[in-house]
Each structure stands twice: as C-alpha cells, then as structure tokens.
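These notes concern the structure reproduced below.
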Amino acid sequence: MSAKKRVFTNKKVNYLPRAVITILLIVFLYVSYIFIFHKPSLNFEIKNVISLNEFVISIFEKNSRIKNIDIRLISKDKNFYKFNIDSLIANHELQELNDKKLKLIFNNDEEAISFLKKNDGEKIILKYEISYENLFFDRILINEFDLNVDVSPPKIFDVRTDGYVYLGGIGYVAFKTSKDAKNTYLENGNGGIFKSLEIKKNDYIDHLIFFTCSNIPCKQNKIKIISEDMLGNKVQISRKIKTIKNKKWSNIKIFLDKGMITDKYNEIFNSNLDDFTKEDFLKLNKEERLINETYINSVTSKISAKKLFDGKFKSLANSKVSSEYSELRTYYFKNDDSTILDKQYHWGIDLSSVKNDNVYSANRGQVVLVEKTLGIYGGVVIIDHGIGFYTLYSHLDTINVNKGDNVDKQTSLGTTGTSGFAFGDHLHFGVFLQGTPVDPIEFLDKKYLGIKIFDPYLKFKGED
Ligand SMILES: [Zn+2]
C-alpha cells in the first residue's frame with residue numbers, strides 16, 4: 001500500500017510543474033495572440049497617389065474596441081491636415097457595417113481640398129494613430145506611409161465646333177486633351193452622354209465627339225465636355241450650341257379599334273384576353289415599349305472604333321414617309337375622344353411601299369441584333385455602322401440575316417410586315433447615335449451627312 005502511495009506521490013512531484021508550465025505557456029500564447037491579433041487595422045483604397053476624388057478608408061475593429069482615431073496628412077514643411085472623424089460620423093459618412101467594418105468617405109472638405117492643392121505634385125505622409133482596447137490591453141497603434149499628391153485634372157484645348165445642330169440632328173465637337181485624360185465625354189443636358197473618338201499623339205490626345213440633343217434643343221443651348229484622369233480628377237468646359245428649328249414636330253391622334261388592338265395584344269403577349277381596358281393598353285404601349293426601348297438603347301450605346309458607313313443612307317425603295325420622327329401620338333379608343341389613353345413619341349420614321357417589300361441595309365455595317373419578336377417592335381434587325389451610329393429595322397415579316405453578319409447596301413435584311421404593334425404593312429426605320437434616337441431623314445441627305453459627319457471625321461483622321 002505504502003509503495004503504491006509513494007509511486008503516486010512521485011508522479012505528482014514529477015508532473016505538476018510540467019502541467020503548470022504547460023498552462024502558463026498556453027496562457028502566454030493566448031495573451032500574445034490577443035496582443036498581436038486583436039487590434040484594429042486600416043485599409044486605404046488608394047495606392048500611392050491621393051487626389052480630390054473620394055478617399056475611402058475601411059477600418060476593421062477585429063475583436064478590439066476603437067477609442068479614438070487620428071488620421072492626418074503631413075506635408076514636407078510639416079503643415080498638416082487632420083481629418084475630422086467626429087463630423088464624418090455625424091454626417092453619416094462613417095457607417096457601421098455588420099462585420100465591424102467602419103467606412104470613412106472624405107468628400108467636399110474645403111480645408112482638405114486646399115491642403116491637397118497646395119501640395120499638388122509633392123510627396124506627403126499619411127499618418128494615423130488609433131487608441132484601442134482589447135480583452136487585456138489598452139494600446140495605441142501608430143503607422144504612416146508616403147503618398148504622392150495629384151489634383152490636376154486633364155487639360156482641354158483647341159476646341160472646334162460649327163456650333164449648331166438641327167432639331168433631332170447630329171452635331172460635332174473636336175478638341176485636344178492632355179495625355180492623362182482617361183475618360184472623356186459630352187453631356188447634352190437632356191440625359192444624353194456621348195463618348196469621344198480618340199487618337200493618341202506624342203504630346204496630346206485628339207478627340208472627336210458626335211452628339212445630338214435629341215428632339216429638343218440642348219439644355220440652355222449648351223454642351224458640356226468632361227474629361228477625367230485615372231484618379232477621377234475632372235475638368236469640365238461648356239460650349240454654346242444653337243439649335244436650328246427647321247421643322248415642327250407633328251401631333252397626331254390615334255383612335256384604336258378595340259377588336260384590332262386586342263388581337264395585337266394577344267399576339268405580342270401570347271395571351272387570350274377578350275375584355276380590353278385602358279390598363280391593358282398601358283401595359284402594351286407604355287410598359288412593354290419602355291422595356292423594348294431600354295433594350296434597344298443598351299444595344300446601340302456601344303461605340304465601335306471603325307467607321308463602316310459611307311455615302312448617304314439608303315431608304316426603302318419607292319416608299320413614302322407615312323410617319324415622322326418625334327411625332328407625338330395621343331391614343332384614344334375609337335368613339336371616345338374624351339379619355340386620353342397614353343402619349344408617346346415616335347423614335348423613327350415609318351416607310352410604306354408594297355406589301356412584304358425587300359428591306360436592304362441602309363449602309364455598310366455589322367448585324368448586332370436579330371429578334372423575331374421584340375415586343376411592340378416585332379421582328380427587328382439592328383446594324384452597327386461604327387463610331388457610335390446604328391440603324392434599326394422593325395415590324396419585319398421575315399429576316400434573312402444573322403447576328404455578326406457583315407452587310408452593305410446590297411444586303412437584303414428581310415421583308416416588311418406588321419409584326420409587333422403595327423397594323424398596315426410598313427418599315428419602321430430608326431437611326432441611333434450612342435443610344436439616342438435621331439431623325440433618320442437627315443441620313444438620307446448626302447449634303448447634311450458631309451457637313452455634319454464625313455468632313456469633321458476626315459479632318460480628325462487626317463490629322464493622324
Ligand atoms: Zn414606326
């Protein structure tokens with residue numbers, strides 16, 4: 001018995017210190033782990049350069065609690081700008097997220113802007129101090145790194161434009177920018193944005209922008225040219241653009257036969273409705289139209305670098321224009337002119353000739369869209385003619401081409417018909433510039449195309 005007891009005692013004497021050491025080691029490792037890893041970290045969404053663009057910092061608390069943050073930009077001559085974290089929190093620019101991530105966005109701060117402008121082109125230091133606590137410690141984290149300041153936007157110069165557009169027509173502006181321009185575009189003030197064609201030279205970039213103000217004059221008779229560098233430094237200039245109102249858009253009343261419109265509705269939505277209401281008409285004429293036009297806009301917004309078209313655009317042979325661009329249509333049910341059902345603009349021209357007439361591509365280009373049933377547009381083909389110009393052919397009965405086909409004025413695209421929201425056999429012909437519908441009539445006029453598109457384009461390419 002006593003021997004056994006002695007053995008037990010011996011064991012206790014041998015192992016207890018090891019157990020204590022092990023526990024102490026585990027405690028030490030745990031505390032060290034807390035010390036090393038349970039501390040906040042800052043992630044700056046800028047690399048080496050700071051600009052006037054937004055300045056985003058993500059702060060991760062990581063099992064710690066931040067008590068105070070001090071972030072400052074320090075110039076070579078020891079001047080500094082201190083970010084006011086409290087006001088950012090008050091302005092909701094600092095948002096607490098689920099994963100304890102705190103996001104700071106520094107915007108429109110006059111003091112910051114003047115500090116950065118003073119140090120444009122210089123190196124500055126970004127220094128931060130965060131006091132925090134975790135399970136065991138109360139500490140301060142200090143770190144700093146270098147940043148280059150670049151708050152100079154690109155320069156725009158040598159601006160040339162003939163300064164006018166026809167209603168629904170094309171305008172152009174040519175200019176140069178400094179080489180740091182990364183994103184250059186034009187705004188017409190009516191929601192249209194037009195990207196520039198660019199040729200890179202040794203010391204500058206040559207730009208040409210074709211634009212339209214759509215069926216109304218540009219907002220305040222002005223266009224804005226905007227150029228941004230890689231950091232988002234932005235410059236904006238404006239130019240006066242006179243709109244020549246050489247035509248008056250027409251207004252027409254359309255009286256719908258309930259039986260015929262019900263058949264169209266059922267054809268387009270593949271349904272068998274019989275009691276047709278105003279709501280049904282709005283579903284077709286407003287909702288479906290908007291869906292179709294948004295889709296067409298997305299297809300025709302891209303700008304392909306190569307100009308494929310030349311000479312005037314070809315119209316449907318021996319046809320007459322039965323409906324104009326920008327015609328404002330007011331819809332009523334037949335025998336009820338007291339209730340306006342809807343009002344819509346017509347974003348193309350309707351060309352009528354013989355039934356199931358051959359439709360040729362208006363110019364050289366590439367087929368970018370073929371749809372047998374595109375809502376109110378029915379059978380549709382869209383051709384990309386390059387440098388932002390597109391043509392659309394709608395209500396087609398048959399289609400002879402496929403997406404990707406290269407076409408010219410001799411290529412038959414299909415035949416006219418009444419597919420979609422059309423009653424009599426006709427071709428709906430649309431021309432788009434970077435997603436915005438323009439008046440196709442001007443594309444059938446050689447002189448107009450020369451002045452507004454080919455001459456400026458030749459001059460732009462010739463400077464190459
Ligand atoms: Zn039409």
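Just so you know, all these numbers are worked out from the coordinates, no wet-lab data involved. Since we're looking at a predicted model, the values are computed, not measured. Every residue, glycine among them, receives a Cβ derived from its backbone with ideal geometry; neighbour counts consider all protein chains shown.
Below, the figures for the structure above:
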read-out: Taking the chain and dividing mean pair separation by its residue count, relative contact order in percent (alpha carbons under 8 Å, at least six apart); value: 11 percent
read-out: Sites LYS248 and ASP336, calculated FRET efficiency, Cβ-Cβ separation with R0 25 Å, nearest 0.05; value: 0.35
read-out: Spatial separation of Cα centroids for segment 159-174 and segment 400-415, in angstrom; value: 31 Å
read-out: Cα-based helix-to-principal-axis angle, 289-300 vs the chain, degrees rounded to 10; value: 80 degrees
read-out: Amide H partners (placed H, <5 Å) of ASP397, local residues excluded; value: THR415, THR416, GLY417
read-out: 23 Å Cα-Cα reach of LYS334 towards lysines, excluding residues that sit fewer than 8 places from it in its own chain; value: LYS253, LYS258, LYS264, LYS278, LYS283, LYS286, LYS343
read-out: Neighbour-count order for TYR448, TYR30, TYR265, TYR393, fewest beta carbons within 10 angstrom listed first; value: TYR30, TYR448, TYR265, TYR393
read-out: Listed residues THR436, ILE349, TYR390: farthest to the positive end of the dipole of segment 315-436 (Cβ charges); value: TYR390
read-out: Normalised contact order of segment 177-272, rounded percent, pairs of Cα under 8 Å and 6 or more residues apart; value: 24 percent
read-out: Where Rh is the Kirkwood radius over Cα pairs, Rg/Rh for the chain; value: 1.22
read-out: Contact order normalised by residue count of segment 251-433, Cα under 8 Å, 6+ apart, percent; value: 24 percent
read-out: Exposure proxy order (Cβ contacts within 10 Å, fewest to most) of ILE85, ILE225, ILE291; value: ILE291, ILE85, ILE225
read-out: Beta bridges per DSSP with both ends in the chain, % antiparallel, nearest 5; value: 90 percent
read-out: Sequence-distant residues sharing a close amide H with LYS409 (under 5 Å, placed H); value: ARG364
read-out: Local electrostatic count at VAL438 - Lys and Arg +1, Asp and Glu -1, tallied over other residues with Cβ under 14 Å; value: -2
read-out: For LYS355, net neighbour charge (Lys/Arg +1, Asp/Glu -1) across residues whose Cβ lies under 14 Å away; value: -3
read-out: Relative exposure of ASP77, ASP150, judged by other C-beta atoms within 10 Å (fewest first); value: ASP77, ASP150
read-out: Amide H contacts under 5 Å for PHE55, placed H, 5+ residues apart; value: PHE106
read-out: Spacing of the two label points (7 Å from each Cα toward its C-beta) at SER32 and ILE237, in nm; value: 6.4 nm
read-out: Segments 197-203, 17-23, 168-174 sorted - mean Cβ within 10 Å per residue, highest first; value: 168-174, 197-203, 17-23
read-out: Phi-based couplings in Hz for segment 194-201 (Karplus 6.51, -1.76, 1.60; Gly and Pro marked x); value: 10, 7, 9, 8, 10, 10, 7, 10
